[in-house]
1. As an exercise, take the mean of 1/r over every pair of distinct alpha carbons in region 9-65, invert it, and state the Kirkwood radius in angstroms.
2. Which aspartates and glutamates have a Cα lying under 13 Å from the Cα of K292, excluding residues fewer than 8 positions away in the same chain?
3. Return the whole-Å distance between the Cα centroid of region 210-255 and the Cα centroid of region 17-37.
4. Which percent, to the nearest 5, of DSSP beta bridges fully inside the chain are antiparallel?
5. With the contact rule set at Cα under 8 Å and sequence spacing of 6 or more, what percent relative contact order holds for the chain?
6. Could you check how much of the accessible area of the chain is carbon and sulfur, as a whole percent, using a 1.4 Å probe?
7. Accessible surface of F170 in the full protein assembly, 1.4 angstrom probe, to the nearest 10 Å²?
8. Alpha carbon centre of region 469-506 versus region 101-139: separation in Å?
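The values are calculated or read from the model by the stated rules, or taken from the named source; none is laboratory data. Small disclaimer: the values here were computed from a predicted structure and weren't measured. Here the Cβ is made from the backbone with ideal geometry for all residues, glycine too, and neighbour counts use every protein chain on show. Only protein heavy atoms, including side chains, enter the accessible area calculation; ligands, DNA and RNA are left aside. Shrake-Rupley method; radii C 1.70, N 1.55, O 1.52, S 1.80 Å.
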Amino acid sequence: MTTLGWVDYAVMLLYFVFVLGIGAALRRYVRTSEDFFLSGRSIPAWVTGLAFISANLGAQEVIGMGASGAKYGIATSHFYWIGAIPAMVFIGLFMMPFYYGSRARSVPEYLKLRFDEKTRALNAVSFAIMTVFSSGISLYAMGKLLHLLLGWSFDLSIFVAAGVVLAYIFLGGLTSAIYNEVLQFFLIVLGFAPLVFLGLRAVGGWSGLVARLADHATATGFAPGAYTRSWAFMGHASTNPVGVEWFGLVMGLGFVLSFGYWCTDFLVVQRAMAANSMTAARRTPLIAAFPKMLFPFLVILPGMLALVVSPTSGVRQEGQVITTSPTSTTSPTSITSTTSTTSGAPSAGIVPPKLDPRTGAPLRDAAGGVVLDYDLATPMMLLHFFPAGLLGLGLTALLASFMSGMAGNVTAFNTVWTYDLYQSYMRPGAPDTHYLAMGRFATVAGVAISIAAAYVAASFNNIMDFLQLVFAFVNAPLFATFALGMFWKRTTGHAAFTGLVAGTLAAALHHGLSLPAGASVGVKGGYLGVVTTFPSELAQTFWTAIVAWTTCFVVTILVSLVTRPRAPEELRGLVYGLTPKLVDTAVAWFQRPVTLAVVVLVVTVILNAVFF
């Protein structure tokens, strides 16, 4: 067990005081349901921009991307430079005018305005399920972290952590969540920047990291640069650690999953809808794109470093030495590596193995190799390098990432539940104070369901893989519906509903007939029979998303052609071709969305070229 100093606890305690204090201070400004769910649409662009990225920067990103960095190397940057930035530009330029201009209070409500009630209901239910699953992943990550660092039981950890998030959302609603997300953004940067610096110094800089990962790559059967070059080995699935070829990556992640998430997920869209003007709403995702481009260096590099850092290097303080005990049944803290370090064998660095909960022994895959617990890559880096005080800051950064991610999901859940399900189908026409009270009740219920979802997430050795699978089922077909609905006026409500159902069923069918290599039949697939296998869970997820999107897209078009469309005058402000083009003359040219978008895309192309 790690022994923390009083200064570490003081840093964490100060953070908790600020978080709860913000919630308490903002409670008096929450007078209506719009204040609680949408912040009264009064937040400036720079705040909503940082909240936009911070709501996504949950524990599943900080820990999950670190895990993916250890598992896949620099190719994990595709989740940012291909799997986020283009979609963030697209929503800022083309989709926010419809969300904000229609005055819809949520994404499902926009679907009602554009299509019909049943399409809204389907999306509201599926989104509510997805948010509590995503929130559960944050809880799982936090519970695992507290167990690792403080020796708390997993069960107790997730209940305590959930209680803190519940308190400040219950008090201040979305406004409290947004301003806490801005605070959490800066804490995450301050907490992880020193970790990257210390890690790179320990391995001899970037060149030293490249050399060590080259040895690891050749030991695992890949070319020397497979872990440090993002595009060069994407020609075939067998030549890169991700296990996916360039088409599956670009189409599955870069198009379907990324646009499906960033352009339709109310978790992030809600932050932009809280902006104080149309221009501010459009600038929100573009402002967020600037730090998003740089976050691979902050969250992916620690995972890559954990794979090659020597267990004897780093900064330690007395009482915090991590020892090797391969059969420990107490805490993962006691394990540094159980894989062979002989010549030619892959090194695990300080990434511990995943333990069998029954025996405490390291788990092994079908080939007999040790299954590494990649989710612990970043936490182990914190323990390995940070001394007292700095360790407290690092732990606080992880706590901040957990809270921002979970709070984002909970605020989205309580809005969709109250406006799109409860008000629409259960209690229409009630006083506004009733919906405000229901929003607070939904916050409590959402946290409770998230706790149950945390136990499901525990079956995956990489929580990012689990999250991408959830997105493949829900967001992939939804983006096809939005793309057709916003840009093709012929799309009908019956077609949208049928396409969404068909896309989700196609995702379930593909997942049920496929399985990642080395996985067992069950939650990871194959429950309908194993017809095909994929080199990795991500490869399976990407292709599941492609199948879901394509099915929804084709079915929606076919059904639209045989059903009656709505009159064009009913679609003004909801469809691109029937809506007047926006002209941003109220701000300077360098603050306009188009200018910001061009700069973002140019820098993204440069980053892809540098790490090609």
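1. Working: mean 1/r = 0.0735 Å⁻¹.
Over region 9-65, the inverse of the mean reciprocal pair distance is 13.6 Å.
2. Candidates past the 8-residue exclusion: E61.
3. Cα centroid of region 210-255 versus Cα centroid of region 17-37: 46 Å apart.
4. Bridges in the chain that DSSP calls antiparallel: roughly 50 percent.
5. Relative contact order comes out at 26 percent.
6. Working: 14730 of 21320 Å².
Here carbon and sulfur together make up 69 percent of the probe-accessible area.
7. 70
8. 13
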